[in-house]
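Asks: Sending over a structure as structure tokens; questions will come in a sec.
Each reported figure results from applying straightforward, stated rules to the coordinates on display, with no laboratory input. In this text the structure is predicted, and so the values were computed from the model without any measurement. Note that each Cβ is placed from the backbone with ideal geometry, even for glycine, and that neighbours are counted across all protein chains shown.
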Amino acid sequence: MSGITTDGAAYWASILFDLETVPNNYYLAVVNYSPDETADGTQLSEPEDGAYTRVAIPKGSGSWTVTNSSTVQNTDPITFPTPTEDWGTIEGFVFCLSGSPASGDQTVICWGEFDQPAYVRTGVPLVISAGAISINLGTQADTISI
């Protein structure tokens, strides 16, 4: 399952009507559970490894491509930092407005489950392939495959 969060719907509405500035980056976080529309950046269960960080994904055509009238996909692989300890089983992802779980705007704008949960081990970075993330605002569905 996947979709837009409750906070994300409010965020997109404010962008649509120019009530908020569009950031240069969105931040991809991974979590060890299946998130849902109530996901909140202050309550995410992200890896606790000191090497872990959310990955900045710039807006624009250098990072995204339109595949049909309502779907965009990532154009490049997304590589997380190399773990210095096991992250365990990663089941889902969220896009956040903040690059840090401890500071900044903690709005989660959309969420999704991995098609196949991934066990992330020490020394092996998590890589999400180009084209693996599809965000479809026509059906409020986004998916990821690894």
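Asks: Given an 8 Å cut-off on Cα distances and at least 6 residues of separation, report the relative contact order of the chain as a percent.
Replies: Numbers: 350 pairs, mean separation 45.6, N = 146.
The value is 31 percent.
Asks: Sticking with this structure for a sec: To the nearest Å, what is the center-to-center distance of segment 90-120 and segment 29-44, using C-alpha atoms only?
Replies: Value for the Cα centre distance between the two parts: 6 Å.
Asks: Go through 3-11, 51-59 and give me the packing order, highest mean Cβ count within 10 Å leading.
Replies: Details: 3-11: 18.7, 51-59: 16.2.
Ranking the peptides 3-11, 51-59 by packing returns 3-11, 51-59.
Asks: Can you order the peptides 19-26, 82-89, 115-122 by their average number of other Cβ atoms within 10 Å per residue, highest first?
Replies: On the way: 19-26: 12.5, 82-89: 15.8, 115-122: 14.1.
Ranked from most to least packed, the peptides come out as 82-89, 115-122, 19-26.
Asks: Give me, ordered by chain and number, the residues 5 or more places off Gly92 or on other chains with an amide H under 5 Å from its own placed amide H.
Replies: Val31, Tyr33, Phe114
Asks: From the phi angles alone, apply the Karplus equation (6.51, -1.76, 1.60; θ = phi - 60°) to segment 29-35 and give each ³J(HN,Hα) in whole Hz, x where the residue is Gly or Pro.
Replies: In residue order, the calculated couplings are 10, 10, 9, 9, 8, 8, x Hz.
Asks: Roughly how tilted is helix 6-16, in degrees to the nearest 10 and between 0 and 90, from the longest Cα axis of the chain?
Replies: 50
Asks: Now for a separate question. For a Förster distance of 30 Å, can you work out the FRET efficiency between the beta-carbons of Ala102 and Phe17, rounded to the nearest 0.05?
Replies: Values: r = 30 Å, r/R0 = 1.01.
Calculated value: 0.50.
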